[in-house]
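Chemist: Structure below; questions to follow.
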Amino acid sequence: MNETHIRWPHKDLLDVDQLDRQDVAVLLEQAANFQEINQRPVKKVPVLRGKSVVLFFAEPSTRTKTSFDVAGKRLSADTFSLGKGDSSLTKGESLKDTSLTLQAMAPDVIVIRHSSSGAAQFLAERLDCGVINAGDGWHAHPTQALLDCFSLSQVWGEQFTGKCLLIVGDITHSRVARSNIILLSRLGVRLRVCAPRTLLPMAVAGWPVEVHDNLDAAVRDADAVMCLRLQLERQQAGLLPDLAEYSRRFCLGPRHMELAKPDARILHPGPINRGLDVSAALADSPQSLILDQVASGVAMRMALLFLMATRNDGGAEV
Ligand code: CP
């Protein structure tokens with residue numbers, strides 16, 4: 001890797017709207033460097049030796065938590081995990097006291113996932129260490145949007161302007177959709193969303209997206225399709241009368257991809273409901289980037305941990 005000094009101005013990462021094009025370019029370049037390390041026989045470098053990262057996940061996670069843990073360890077940081085069930089949150093300790101307690105152990109970065117929108121900002125305003133939002137309520141999932149951007153850059157190169165991405169599924173409950181729409185629209189991607197009216201938020205009218213409720217029309221000539229997980233645990237309000245009908249109208253299948261561009265790719269942040277969000281055949285097809293997204297997640301989170309944990313060390317050195 002080249003010896004360079006990188007300016008990284010952000011103490012915290014709360015959502016992608018705080019990042020300018022230069023920040024995104026730095027992250028994509030650093031993620032590409034770390035992706036190369038992830039393909040070596042020995043996947044470890046000493047750049048964060050002596051740094052510590054707390055993974056505070058008060059909501060379940062497979063991909064985000066594990067990839068932050070792997071990312072930290074590959075950079076030689078010490079990583080420590082705290083989940084809701086094994087924390088004193090279950091005894092009634094407040095989020096403020098829990099986070100001040102974690103800070104007293106002098107971590108360099110705290111990564112937080114929480115069911116409440118604004119939880120990451122709440123910590124960032126109170127703690128001296130860096131805070132990374134790993135998903136807060138329905139609000140934001142900035143590291144997912146950044147890793148999706150990195151996955152797309154590996155297919156599209158630097159040419160995002162004019163590409164068309166369709167996001168299909170449960171838009172209302174999706175922090176992934178919100179962060180991706182902010183980030184990719186700023187990079188010049190044309191965005192479409194497709195969902196039943198009951199799974200589109202009122203605010204969609206003000207977003208930089210075309211809105212569809214017919215998947216055949218929405219997918220036409222798209223360069224990529226991002227399927228979202230139907231959040232079955234949040235469907236108590238009767239937003240969907242019938243799952244079979246939802247699957248028939250909104251599950252992405254091979255028939256739809258024939259209407260997209262011939263080289264169109266499929267993304268899904270996971271976890272997948274096969275046969276509801278995307279057909280099993282497409283999820284496992286060569287068009288699918290789903291597992292590439294997981295690999296991109298490790299590289300992008302290495303880039304973020306590296307930049308944030310070294311920002312006060314007189315310039316990050318790679
Ligand atoms: N995409 C994503 O956030 O997955 P996990 O919930 O498994 O972390």
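Chemist: Over the chain, with the other protein chains present, what is the accessible area per residue in square angstrom, probe 1.4 angstrom?
Modeler: Dividing the accessible area of the chain by its residue count gives 43 Å².
Chemist: Can you flag which of K51/K96; K43/K163; K11/K73; K51/K84; K43/K65; K65/K91 are past 26 Å Cα-Cα?
Modeler: With Cα atoms farther than 26 Å apart: K43/K163.
Chemist: Calculate the translational D of segment 142-290 in whole µm² s⁻¹ from Stokes-Einstein, where the hydrodynamic radius comes from the Kirkwood formula applied to all Cα pairs, the temperature is 25 °C and the viscosity 0.890 mPa s.
Modeler: 162
Chemist: Compute the separation of the alpha-carbon centres of segment 268-309 and segment 94-160 and state it in Å as a whole number.
Modeler: After rounding, the separation between the Cα centres reads 18 Å.
Chemist: Hey, rough spin-label estimate for S185 and D86, points 7 angstrom out along Cα→Cβ, what's it come to in nanometres?
Modeler: Inter-label distance under the simple model: 4.0 nm.
Chemist: Go through V193, L289, G206 and say which Cα lies farthest out towards the positive end of the charge dipole of segment 142-290; charges sit on Cβ, +1 for Lys and Arg, -1 for Asp and Glu.
Modeler: The residue sitting most towards the positive pole is G206.
Chemist: Subtract the Cα-Cα distance of K44 and A281 from 0.36 nm times their separation in residues, and report this length gain in nm to one decimal.
Modeler: Contour length minus the Cα-Cα distance gives 81.8 nm.
Chemist: Moving on to the next point. In the chain, which helices (entire DSSP H runs) extend 15 Å or more along their own long axis, judged by Cα positions, while averaging at least -0.5 on the Kyte-Doolittle scale?
Modeler: TM-like helix candidates: 21-38, 142-156, 175-186, 290-309.
Chemist: Over the chain, what is the mean sequence separation of C-alpha contacts under 8 Å (at least six apart), divided by residue count, expressed as relative contact order in percent?
Modeler: Averaging sequence separation for qualifying contacts and normalising by length gives 23 percent for the chain.
Chemist: Moving to a separate point now. Helix-derived [θ] at 222 nm for the chain: sum -39500 (n - 2.57) over DSSP H runs of at least 4, divide by residue count, nearest 500?
Modeler: Rounded to the nearest 500, it is -10500 deg cm²/dmol.
Chemist: Let me ask another. Residue by residue through segment 218-229, what is 3J(HN,Hα) from phi via Karplus (6.51 cos²θ - 1.76 cosθ + 1.60, θ = phi - 60°)? Round to whole Hz and write x for glycine and proline.
Modeler: Values per residue, Gly and Pro as x: 5, 7, 4, 6, 5, 8, 7, 10, 9, 8, 10, 6 Hz.
Chemist: How much of the accessible area of the chain, in percent, comes from carbon and sulfur atoms when a 1.4 Å probe is used?
Modeler: The computed percentage sits at 51.
Chemist: With 10 Å bins from zero, work out the P(r) of the chain over every alpha carbon pair and list the percent per bin.
Modeler: Going out from 0 Å in 10 Å bins, the chain shows 6, 27, 34, 23, 9, 1 percent.
Chemist: Give, in nm to one decimal, the length gained when the segment between M202 and R7 is fully stretched (0.36 nm per residue of separation minus the Cα-Cα distance).
Modeler: That works out to 66.4 nm of additional length.
Chemist: Ignoring the sites themselves, what is the longest stretch of the chain with no trypsin sites (Lys or Arg not before Pro) in a DSSP loop and at most 11 other beta-carbon atoms within 10 Å?
Modeler: Between the exposed loop sites, the longest stretch runs 50-318.
The values are calculated or read from the model by the stated rules, or taken from the named source; none is laboratory data. Here the structure is a predicted model, which is why all the values come from computation and not from measurement. We place every Cβ from the backbone using ideal geometry, glycine too, and count neighbours over all the protein chains shown. These accessible areas exclude ligands, DNA and RNA; they are computed on the full protein's heavy atoms, side chains included. Shrake-Rupley method; radii C 1.70, N 1.55, O 1.52, S 1.80 Å.
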